[in-house]
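K.L.:
I'd like to ask some things about the structure below.
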Amino acid sequence: MKTVAVVVQEGFAPFEFGLACEAFGLDRSDDGIPPFDFRIVAPEPGAITSNLGFSINVDADLAFADEADLVVLTPIPKRSWGRIDPRVAEIVRRADARGAWLLSVCSGSFVLAGSGVLDGRRATTHWMYADVMQSMYPLIDVDPNVLYVQDGRIITSAGTAAGLDASLHLLRQELGAEMANKIARRMVVPPQREGGQAQFIANPLPQVSSLSLAPVTDWMMQNLREDLTVEQLAAKAHMSPRTFARRFKADHGTTPAAWLGRQRLIHAQRLLEQTELGLDRIAYECGFGSAAVLRQNFSRTLGTTPTAYRARFSCRDTDAAASAVSAA
């Protein structure tokens, strides 16, 4: 992925637009991250008014989007959901036909839906609008409970900040886990949030409590190779297993086992990128137990094998790094 076009239209949402600019538009080459040819485009170049009343000046028309490797659709006003600009719809359909990435943020998914590329596919949008989308476009399998959905080379995200989760998910596939983690660190956001929109619908703000689970999750990260049980983790948190499991899901939107499995997989990605350790050793370091279990998790979650992942994302000769990990 080398070229990125962000489509903005009248009534665009500044925050979601800014997310796309932050994720794909900044030059991070000083961190060893390849920059993208990033351009903002509009059906009608000129002053484009946001939903807050101020305008931005867009010089480029949609021509660049017709050749971009990634086309990002930012939110559009509700009044436009049922009448997508035909010029934008055609760009979307051609991008889908030529195999480009398509990424929508929040209600930008209505642009994809109105263009027809989501028919027969799974997608998401902001939970407040999921029922509306399902009613307007019954051929789409709308999931209101997730932060983002990838179906083929189309990624739809939930409201507002979930656009960052979706963007990092795409960057992880294109640049590898370590590069995506670097970008997340620069943005001061977690590289991967667990759970889905449901945790925010039911519990918009986490309760302030002296019984923070942060020390437990930190300890889990430091002991990925161990066989960690809910009973053991609950004891660390000074809670009963039932209370701990309920509290963990409320805070993290997923179960302790699912959260732990994801952290192990992220660590495996990092070791495959940065070291020359064999699969058995990586499986041991990450707590998978065997190379076979590591392969199963890779295939199920990432749709590839550890060997293929290493061939694509191994970034340097790291004998020293491998020795350091071996000695740890």
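The values are calculated or read from the model by the stated rules, or taken from the named source; none is laboratory data. Being a predicted model, the structure only gives us computed values, none of them experimental. Because the Cβ atoms are built from the backbone with ideal geometry, glycine has one as well, and the counts that use them run over all protein chains shown. Accessible surface is based on the protein model in full, side chains and every heavy atom, while ligands, DNA and RNA are left aside. Shrake-Rupley method; radii C 1.70, N 1.55, O 1.52, S 1.80 Å.
K.L.:
Kirkwood Rh over Cα pairs of region 1-80 into Stokes-Einstein at 10 °C, 1.306 mPa s: D in µm²/s? Intermediate values should be presented prior to the final figure.
P.N.:
Working: Rh = 13.0 Å.
It diffuses with D of about 122 µm²/s by this estimate.
K.L.:
Stretch GLU67-MET136 to full length: gain in nm at 0.36 nm per residue minus the Cα-Cα span?
P.N.:
On the way: separation 69, 0.36 × 69 = 24.84 nm, distance 2.97 nm.
Answer, rounded to one decimal: 21.9 nm.
K.L.:
Additional query: Share of antiparallel DSSP beta bridges in region 1-65, in percent to the nearest 5?
P.N.:
35 percent
K.L.:
Pick out which of LEU171, LEU52, LEU271 has the largest mean-square fluctuation in a Gaussian network model of the chain, springs linking Cα atoms closer than 10 Å.
P.N.:
Among LEU171, LEU52, LEU271, the largest GNM mean-square fluctuation belongs to LEU52.
K.L.:
Would you compute, for the Cα atoms of the chain, the largest minus smallest coordinate along each principal axis and list the three values in descending order, in whole Å?
P.N.:
Extents along the principal axes: 59, 46, 36 Å.
K.L.:
Please compute the per residue accessible area over the chain with all protein chains in place, 1.4 Å probe, rounded to a whole number of Å².
P.N.:
Numbers: 15220 Å² over 328 residues.
That works out to 46 Å² per residue.
K.L.:
Report the label-to-label distance for ALA97 and ALA60 in nanometres (one decimal), using points 7 Å from each Cα along the Cα→Cβ vector.
P.N.:
Inter-label distance under the simple model: 2.2 nm.
K.L.:
Further question on the same structure: Among GLY53, GLY25, GLY253, which one shows the highest mean-square fluctuation when the chain is modelled as a Gaussian network with alpha-carbon springs under 10 Å?
P.N.:
Of GLY53, GLY25, GLY253, the most mobile in the Gaussian network model is GLY53.
K.L.:
Compute the orientation-averaged projected area for region 15-157 from the convex hull of its Cα atoms and round it to one decimal in nm².
P.N.:
That works out to 8.9 nm², a quarter of the Cα hull's surface.
K.L.:
Take every Cα pair under 8 Å in region 124-182 that's 6+ residues apart, average their separations, divide by the length, and report that relative contact order as a whole percent.
P.N.:
Computed value for region 124-182: 28 percent relative contact order.
K.L.:
Nearest 500 deg cm²/dmol is fine: what mean residue ellipticity at 222 nm does the chain get from its DSSP H runs of n ≥ 4 alone, each adding -39,500 (n - 2.57), divided by its residue count?
P.N.:
Value at 222 nm, helices only, nearest 500: -13500 deg cm²/dmol.
K.L.:
If we sort 68-76, 29-37, 175-183, 41-49 on the protection proxy, mean other Cβ atoms within 10 Å, highest first, what's the order?
P.N.:
In descending order of packing, they fall as 68-76, 175-183, 41-49, 29-37.
K.L.:
What percentages make up the Cα-Cα pair-distance distribution of region 229-321 when the bins are 5 Å wide from 0?
P.N.:
Values per bin, smallest distances first: 2, 14, 20, 19, 13, 12, 10, 6, 2, 0.
K.L.:
I've got another one for you. For labels at ALA311 and HIS238 in the simple 7 Å Cα→Cβ model, what's the distance in nm?
P.N.:
5.3 nm
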